[in-house]
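Bear in mind these aren't lab numbers, they're just calculated from the coordinates by the rules spelled out. From a predicted model like this one, the values you see are computed outputs, not experimental measurements. As a convention, Cβ positions derive from the backbone with ideal geometry for all residues, glycine included, and neighbour counts pool all protein chains shown.
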Amino acid sequence: MTASYATFPAKRMRRLRRTSRIRDLVSETSLSATDLIAPLFVREGIDHPAEIQSIPGHFQHTVHSALDECKKYLSLGIPGVILFGIPLHRDSRGSGAWNPSGIVQVALSTIHDALGDGLTLISDLCLDEYTSHGHCGVLDSQAMVDNDATLELYRQVAVAQARAGAHVVAPSGMMDGQVAAIRESLDASSLTDTAILAYSAKYASALYGPFRDAVDVQITGGGDRRGYQQDLRNSQEAMEEIALDIAEGADIVMVKPALSYLDIISRISSTVNVPVAGYHVSGEYSMVKAAGERGWLDAGAVMMEHLVSIKRAGARFIISYAAAEIAEMIGR
Ligand code: PBG
C-alpha cells in the first residue's frame, strides 16, 4: 500500500478549513458588536440632521436626533459612542469646548439623562472644533500652539464633560502632559470615576480628511498638525508616548489611524497591560465606501476584513464609522 500524505500533519490546515463550523471552532479572533464604538457628531443651531457628504451614512445631528441615533446603536448591541461637537461660534480659545452650555455638554447630559449607564458616553476632548484657527490648542504670540496654556483649558474641558455625563474623556490633542493634567483636574473635582481614553499614538495622517469636513475645521493658513502629532515614519516614539500616557494615568490607550498602523497596535498590545483601542478613522472608512459605490469591491466584506484585522493585531475594541453596519452584518 502506498502512503497517503493526507494523514500527515501537512494536511492539518485543510482539515481545519473544511467546514464553516470547524473554521469558527479554531478561529483565534472574534469580532462582535460589543467591540465597537460609534462616532457621533452633534451640531449646535440646526433643526434637522445634515448629511456629511464625505462620511456616507453619517450626519451632523441635533441633540434630539443624536439621542435617537444612540438608541439605534443600543438596539444593535453597540456599547458606546464617542461624541464630537460643532459649535455655532468659534473663538481663539475654543470656549465652546468647556462652557457648560456648549453643544457637547448639552448632548452628553441629554443622552445621559435618557439612557443612564446603558450606553457608554465617551467625549473627544480637544479644542480644534471650537477654535477660530482650527488648531488643537491656543496659540502663542508666534502663532505656535502653546502646550502648557492649552493644558489649562483641557483641564476645564474634562471637568465640564464629566459633569455633563461623560463616562470616559478622550484627549486627542497630543499636548505633552495632557493625561496628567486632566486626571488631576478630574480628581480635584471629585470626578475620580471618570476614565481617560488617551489618543496616545496619534499620527499626523492624511486619512483624517473626511472628518475635517464633518466638523468644518480648516487650519488657518493651510497649516498642519505635524508639530504635535506623530511622524508616520516612527514606531519607537509611539512606545514612548504610550509609556508616558500610562504613567500619567491613562486607563485605555489608543492608536490612530488603525489600518496603516497595525504594526503599532501589535507592538503596543503585546507590551502593555492596559486595554489598547484602535481608531478606524474617517478616511479608512470613506475610501472603502467610495470604492463600494463604484462596484469595485464589496464594501461590507472589506470593512469586516479590516475590522477583524484590527482586532487580530491586538485592539481590544475599535472606534469605527462602520460600527452600525458591521453590527448588523454580525447579527444576521
Ligand atoms: C481631533 C480629532 C480628529 C479626529 C478625531 N479627533 C482630527 C484631527 O486630529 O485632525 C479625526 C478622526 C477621523 O478622521 O475619523 N479633535
State, as an integer percentage, the relative contact order of the chain based on alpha-carbon contacts under 8 Å between residues 6 or more apart. 18
How big is the gap, in Å, between the Cα center of the stretch 59-124 and the Cα center of the stretch 278-332? 23
Please check which bits of the stretch 30-64 a label hung off residue 251 would reach, taking the label as a point 7 Å along Cα-to-C-beta and the cut-off as backbone N under 18 Å. 35-38
Tell me the relative contact order for the stretch 35-167 as a rounded percent, counting alpha carbon contacts under 8 Å between residues six or more apart. 25
Between the DSSP loop rule and a limit of at most 16 other Cβ atoms within 10 Å, which GluC sites (Glu not before Pro) in the stretch 1-107 are left? 28
Could you give me the ³J(HN,Hα) list for the stretch 228-237, computed from phi with Karplus coefficients 6.51, -1.76, 1.60 and θ = phi - 60°, whole Hz, x at Gly and Pro? 10, 8, 6, 7, 5, 7, 10, 10, 4, 5
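Among the trypsin sites (Lys or Arg not before Pro) in the stretch 1-105, which ones are in a DSSP loop with at most 13 other Cβ atoms within 10 Å of the Cβ? Mind listing them?
On the way: sites: 11, 12, 14, 15, 17, 18, 21, 23, 43, 71, 72, 90, 93; in loops: 17, 18, 90, 93.
Filter output for the stretch 1-105: 17, 18.
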Hey, what did the stretch 236-332 get for relative contact order, percent, Cα under 8 Å, at least 6 apart? 29
